[in-house]
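To start, the structure under review is shown below, and the notes come after it.
Nothing in this text is a laboratory measurement; each read-out follows from the coordinates by a stated rule. If you're wondering where the values come from, they're calculated on a predicted model, not measured in any experiment. Reconstructed Cβ throughout: ideal geometry from the backbone, glycine too, with neighbour counts over all protein chains shown.
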Amino acid sequence: MEQVRSNKNTITDAYWSNYRKLVRETVLPYQWEALNDRVPGAEPSRAIRNFRIASGLEEGEFSGFVFQDSDLYKWLEAVAYALDDSRDAALERIADEAIDLIAAAQRPDGYVNTYYTVKEPGNRWTNLLDCHELYCAGHLFEAGVAYYEATGKRKLLDVGCRFADCIDRTFGPNEGQIRGYDGHQEVELALMKLYRVTGNEAYLKLACFFLDERGRAPNFFEAEWKRRGRISHWTGGVTGKPDVAYNQAHAPVREQTVAVGHAVRAVYMYTAMADAALETGDASLADACRTLWTNMTRKQMYVTGAVGSTHHGEAFTFDYDLPNDTAYAETCASIGLVFFAQRMLRLEPRADYADAMERALYNTVVGSMALDGKHYFYVNPLEVWPEACERNPGKKHAKAVRQPWFGCSCCPPNVARLLSSLDRYIYSSTADTVYVHLFIGSEASFALASGRVGLTQTSSLPRSGDVRFVVSPAAAVQRFALAIRIPAWCRGEAALSVNGESVPYAERDGYAVLERDWNEGDAVEWTLATPVLTLEARPDIRANAGKAALQRGPVVYCFEEADNGAPLAALSMRANAAWTARYDADLLGGIVVLEGEGWRDAADDWSDEPYRPYRRAVLPTTLRAVPYAVWGNRGVGEMAVWLRITGTP
């Protein structure tokens, strides 16, 4: 397999720069206040307080979830990416103080975990199934790598390396070591990052050990459960045999063919598998990644790029089980899908990886955060009836409005770190090819075999499909290829020109490949159609039978009560409706609104009868749809992505 190198670049895109500015100026300061329990009305975090207790600066008991440390680590990683984009002395000083606190909590042998340091100091590594020790360690490693790369400061990286060395001494196949792995995957992909920045092959081998050991017989989680007297951390009592498929430990990773279990754990593991396949050239691991990718994105992914359909365990269920109103669709799971897609693009640039990545980014990821940057969705349903969310126990996990914080707040800092590092997802390159995966305005530089190549991209997405590139090759660079993704949503309606003249291109794995001798200032125009697509779901997806959804470009749309009244269940689309796309600069920060003709069930006199002989009466109405990413920013109301559709196309 060809090694694919990513390249740092700077985002200049109007749409995405607004989100990144929001993260820098609002989200990061707000989340710092939340981590310090200074946001009125929000669930307390206790993360900083736990570190103060663990480092001896304060007396008290551990509070919060066993994985609370990871919230601080993800916040620090987001800060690192923000500093990499633009240094900020005040923000950097806060981060340095937080890093000092983490370093002070580190034990002499390198171990860092506030829960076990404060609450159960004698029970390290005794409940890997439940207690997230290696998961927290992984987020520490990622933060350390990002902060070092952004600032050149090694303190957090060195803390991470000492902890990784501690873990390397503790886990492995040798006598006296633990032949186990964590209940929540994360350390594997983090060790890959640590290996790349340090060059220490022990970290690569340890990551591969955790992957290779998972799911082997005898099952580690079952043996560990017996050793601790069948006691669960979560219930405090004796439990039945663990469902190891929930942790993707039911079979060796190369033998897994279907996405099962906790969705975030799964996509984090798949990300690490793709990383390891790239670094080691393991073809069987790469094949397993392809198989799992196909199952997840073709049979278990929502139209919004969300995965993990049930709130029972935040998990996958089975193929085509994609309910709308009870969807869990955790924000972190879509973020993990983006991670996995990025790694697969490094393995082999294929447009369907970037299509799914783009779908998740434009819909679930940005939609999980309010436009004020201070409220968040943990769960991302595709249909909301506020009264049912409040009063039906089976729907209480879905919220009609975003929350200021969560006791289990894995998602908000995860969104911050992804948006702050978005520049790393736009491109990749090989020795002779620059790949454009996302259409995001940016300035980039690539190290090709013959020299450096600069590329400036301007993009009008999501408002329109006009994309432009200006090429700046170094003098030594002669011939190379520019490979531009042909997104599925343009339905093949794409035109390519160079310096104003239409040019043919070769199509390879969903990319328009233009190989030629380039000159300074060559301008490439990539014009993509953005038709309003009326989507139907295959019959196996029973929740959407007789319904349709709207998409324009990468943006999936929804209908809100604020625009269409209630109940939304009384509305239906016309199968042959002509939808008009109109930009409204004054609505929700500036969005493209879709309007089309539909029907509303007539509100005739039903008396108090719940049912009657069929005599459906409808009235014509104009339907209005807004991007799913901005729903819920205008107060409490109903929302639906899928509506009934009537008439023959």
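General remarks:
- A simple count of charges around Asp586, restricted to other residues whose Cβ falls under 15 Å of its Cβ and scoring Lys, Arg +1 and Asp, Glu -1, yields +2.
- Relative contact order of the range 181-243, taken over Cα pairs closer than 8 Å and 6 or more residues apart, is 23 percent.
- Zone residues, the range 559-588, relative to Glu597, backbone N less than 14 Å from point 7 Å out along Cα-to-Cβ: 573-580
- In Hz, Karplus ³J(HN,Hα) per residue of the range 640-646 (6.51, -1.76, 1.60; θ = phi - 60°; x = Gly, Pro): 8, 7, 9, 10, 4, 10, 10
- The region of the chain that goes longest without hitting one of the chymotrypsin sites (Phe, Trp or Tyr not before Pro) in a DSSP loop, each with at most 14 other Cβ atoms within 10 Å, is 319-605.
- For a modelled paramagnetic label at Asp540, 7 Å from Cα along Cα-to-Cβ, the residues of the range 234-270 in reach, with backbone nitrogen under 19 Å, are 256-261.
- Per-residue 3J(HN,Hα) values for the range 404-418, derived from phi via the Karplus relation 6.51 cos²θ - 1.76 cosθ + 1.60 with θ = phi - 60°, read x, 5, 10, x, 9, 10, 5, 6, x, x, 5, 4, 4, 6, 6 Hz in sequence order (x marks Gly and Pro).
- Selection of trypsin sites (Lys or Arg not before Pro), the range 1-86, meeting DSSP coil and at most 14 other Cβ within 10 Å: Lys8, Arg38
- Per-residue Karplus couplings for the range 93-103, computed as 6.51 cos²θ - 1.76 cosθ + 1.60 with θ equal to phi - 60°, are listed in order as 5, 4, 5, 4, 5, 5, 5, 4, 5, 5, 4 Hz, Gly and Pro entered as x.
- Inter-probe distance in nm under a simple model that places probes 7 Å from Cα toward Cβ, at Arg615 and Glu58: 6.8 nm
- If you take all other residues with their beta carbon under 11 Å from the beta carbon of Gln342, and give Lys and Arg +1 and Asp and Glu -1, the sum is +2.
- Local net charge near Thr271, Cβ-Cβ under 10 Å (Lys/Arg +1, Asp/Glu -1): -2
- With contacts taken as Cα pairs under 8 Å at a separation of at least 6 residues, the chain carries a relative contact order of 13 percent.
- Cα-based reach from Lys299 at 25 Å (exclusive), listing lysines while leaving out same-chain residues under 8 positions away: Lys395, Lys547
- Remark on Cys558: its backbone amide H falls under 5 Å from those of Val626, Tyr628, a criterion applied only to residues 5 or more positions apart or on other chains, H modelled at 1.01 Å from N.
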